[in-house]
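Each remark here refers to the structure printed beneath this line.
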Amino acid sequence: MNDADVSKQIQQMVAFIRQEAEEKANEISVSAEEEFNIHKMQMVDTDKKKIKQEYERKTKQVEVKKKIEYSMQLNASRIKVLQAQDDVVVAMKESARKELLNVSSNRRTYKDLVHSLILQGLLRLREPSVVLRCREIDVTLVEGVLEEAKKAYVAKTKLSSPKIDIDRKEYLPAPPNNNDPHRPSCSGGIVLASQDGKIVFENTLDARLDVIYRNKLPTIRKTLYR
Amino acid sequence: MPTDQAELNSEQVLRRDIAWETYMTTKLITGTSLQLLRRYDKKSENDRAPLLDNDGPSYIHVFISILRDIQKEETVEYVLALIDEMLTANPKRALLFHDKSLADDDIYEPFLRLLWKGSWFIQEKSSKILTLIVSARPKQNGRTNGATDSKKKITTSDDVLKGLVEWLCIQLKKPSHPSRSIPASVNCLATLLKESVVRSSFVQADGVKLLVPLISPASTQQSIQILYETCLCVWLLSYYEPAIEYLATSRALPRLLEVVKGSTKEKVVRLIVLTFKNLLAKGSFGAQMVDLGLPQIVQSLKAQAWSDEDLLDTLNHLEEGLKDNIKKLSSFDKYKQEVLLGHLDWSPMHKDPIFWRDNITNFEENDFQYHPAGRIIVTDLKAKERVMKLMNHENAENKN
């Protein structure tokens, strides 16, 4: 073999080895790339799932919040409505109370009323001896009807005439005025009590208004809020 | 086709003398082109290298222009041979085609066109060069580098890949050249199938079954190289899910086993083993591999002294994977298979009480899907009573 042949053979061997090496290198490169792709896809999938879960969780949170908000709002509104209804009814009572003042200003009708109130009280208590309390300004008027009331009582019950003591030590409070709206006041009427003070019958106009108000409340509400 | 055409090679082509001056006079090439050609033509690699390093794109431009504007077969062949020579000397030069200065040139069009006409030499060189150029393209986010100017209608890389796959599949089916078509096509595919776009269109074009017949034991150096490249293609495809289905239905697996049994060529064995590794976890391949006796083959392969440590690693990995498969197979799944196939054989496994105990729950899990089916088949075989008796017998044993 001459030099040319040797050289050619060496060249061939070099080329062969190089080709084998390049082929292997190519395989390694491909393997690496594919493994990377698989890995990346897995990571992307995992993260996508995570994000989706996160998002679902957040959406749920927002929904729950919304529901709570709605519920709270609903409640608040309901309370507002109830409050307003209550306010109206209370206002009604207030204006009724204001009207009470007019009752006592008409002397004639008020006198008859006081007579009836005392009689009613006597009939209720059925005590032989009672204490009567009234407003200071009504004293004269009350003294005026006392005897008639006693007579009426006797006529109705056939019992003996009761002893009625007007309490001059303590009077019912004076009628209300605008200067001092929070001080206790009385719009009229009387309070009767047994002698020992154990049984008390409040027959003031205010007390009567309270009773009526309480009794009629369901009807009032029904009428207003049908 | 005349026989000397069939034997035409680059060496012969490059011996030709092309009359570049005449082309300039007829205005088919510019004066600058002529200059560059004079500097480049017939020079040695050592002289050419600096030219390309300094001003590569300009030379590319000249070549492309000639291929675009000149039809004479001799000249076309000559230029193709020049380009082939240039790329063989240094494959990185494929990048020159993607230089920004050539953005206005349609670098793909001439080669794509030449695939379909002209001599085999032209077709073969065009396909080879085109493969190299398109594979070297810079990838931005995996999108194609097409022309954004729709008026110009420059060929996009997607077009190239589609056209190439089409041509290659035809070559595999109906070779233009009796002996060169297949090696050339397989060679191109081995490079192109690295891309998922190519894998997709190749599989869609039903190309997988064209490769399978090429998987057969080889003895000559040339056929070994073709086998290697075919296996390379198969391995690349085994990374692609849709291709795996095709591989399953074709007779790829038995053929691969045949080859790997008899081959002494390390690189061929290496690739096939890698392919097995990819397929092991997919579908029924694991079961098939066990059936066809792969575990034993792996054993004998391990015994041979390969120099590649990666190969040894992969073989060990395969061994492990196959062992797992065997374990799984001796379980419910195989029984299920047998029941469904009506092959209720009394293999040793079925007599094992442990098997029954473990798998009664499996029966229930599957909503008695297979149990009733089994009952039907078994009733068919008139073996129901025998089985029931035996089952109760087994259960009694179990209770003990």
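The values are calculated or read from the model by the stated rules, or taken from the named source; none is laboratory data. In this text the structure is predicted, and so the values were computed from the model without any measurement. Don't worry about glycine lacking a Cβ; one is built from the backbone with ideal geometry, like all the others, and counts go over all protein chains shown.
A few remarks follow.
- Meets criteria (in the same structural domain as residue B:16 (by TED's automatic domain parsing), buried (at least 21 other Cβ atoms within 10 Å of the Cβ) and of a type in the set (S, T, N, Q)) for residue B:65: no
- Residue that is modelled with the lowest pLDDT [pool: residues in region A:1-22 that are away from chain B (no Cβ under 13 Å) and either outside any helix (DSSP H, G or I) or under 30 Å from residue B:240 (Cβ atoms) (or both)]: A:1
- Answer residue from region A:201-222, given it is surrounded by 14 or more Cβ atoms within 10 Å (Cβ to Cβ) and aliphatic (A, V, I, L, M) and is farthest from residue A:115 (Cα to Cα) among those: A:220
- Residue within region B:277-290 that is within 22 Å of residue B:249 (Cα to Cα), outside any helix (DSSP H, G or I) and more than 14 Å from every other protein chain (Cβ to nearest Cβ) present: yes
- Breaking point among (1) aliphatic (A, V, I, L, M); (2) farther than 20 Å from residue B:125 by Cβ; (3) surrounded by fewer than 17 Cβ atoms within 10 Å (Cβ to Cβ), for residue B:14: (2)
- Those residues of region B:42-62 which are surrounded by 12 or more Cβ atoms within 10 Å (Cβ to Cβ) and under 21 Å from residue B:107 (Cβ atoms), in sequence order: B:48, B:51, B:52, B:55, B:56, B:57, B:58, B:59, B:60, B:61, B:62
- Residue A:161, sole failed condition from (1) in a helix (DSSP H, G or I); (2) surrounded by 11 or more Cβ atoms within 10 Å (Cβ to Cβ); (3) of a type outside the set (Val, Ile, Thr); (4) over 43 Å from the mean Cα position of the chain (by Cα): (1)
- Hits in region A:117-169 (condition: within 13 Å of residue A:190 (Cβ to Cβ) and among the charged types (D, E, K, R)): A:124, A:133, A:135, A:136, A:138, A:143, A:165, A:167
- For region B:238-276, the set of residues classified as part of a loop (DSSP other than H, G, I, E, B) and either closer than 19 Å to residue B:207 by Cβ or within 14 Å of chain A (Cβ to nearest Cβ) (or both) consists of B:238, B:239, B:240, B:250, B:251, B:265, listed by residue number.
- From A:84, A:25, residue being modelled with pLDDT of 90 or more and either touching a strand residue (DSSP E or B) at 6+ places or on another chain (Cβ under 9 Å) or within 14 Å of another protein chain (Cβ to nearest Cβ) (or both): A:25
- Among the residues listed as A:40, A:52, the single one being free of Cβ contacts under 8 Å to residues at least 24 places away in the same chain, surrounded by 10 or more Cβ atoms within 10 Å (Cβ to Cβ) and closer than 30 Å to residue B:311 by Cβ: A:40
- Apart from one condition, residue A:198 fits all of (1) over 34 Å from the mean Cα position of the chain (by Cα); (2) modelled with pLDDT of 90 or more; (3) surrounded by 10 or more Cβ atoms within 10 Å (Cβ to Cβ); the exception is (3).
- Long-range neighbours under 9 Å by Cβ, at least six apart or interchain, first residue within 14 Å of chain A (Cβ to nearest Cβ) and closer than 17 Å to residue B:277 by Cβ within region B:293-313, second surrounded by fewer than 15 Cβ atoms within 10 Å (Cβ to Cβ) and of a type in the set (A, V, I, L, M, F, W, C): B:310/A:28
- Number of the exception - residue A:124 against (1) surrounded by fewer than 16 Cβ atoms within 10 Å (Cβ to Cβ); (2) of a type in the set (Lys, Arg); (3) more than 29 Å from residue A:217 (Cα to Cα): (3)
- Tabulated pairs, region B:71-97, first outside the structural domain of residue B:16 (by TED's automatic domain parsing) and free of Cβ contacts under 8 Å to residues at least 12 places away in the same chain, second in a helix (DSSP H, G or I) and buried (at least 19 other Cβ atoms within 10 Å of the Cβ), C-beta under 9 angstrom, 6+ apart or interchain: none
- Selection status of residue B:203, more than 28 Å from residue B:300 (Cβ to Cβ), of a type outside the set (S, T, N, Q), outside any loop (DSSP other than H, G, I, E, B) and more than 14 Å from chain A (Cβ to nearest Cβ): yes
- Comparison of B:222, B:204 shows that the only residue that is surrounded by fewer than 21 Cβ atoms within 10 Å (Cβ to Cβ) and under 18 Å from residue B:175 (Cβ atoms) is B:222.
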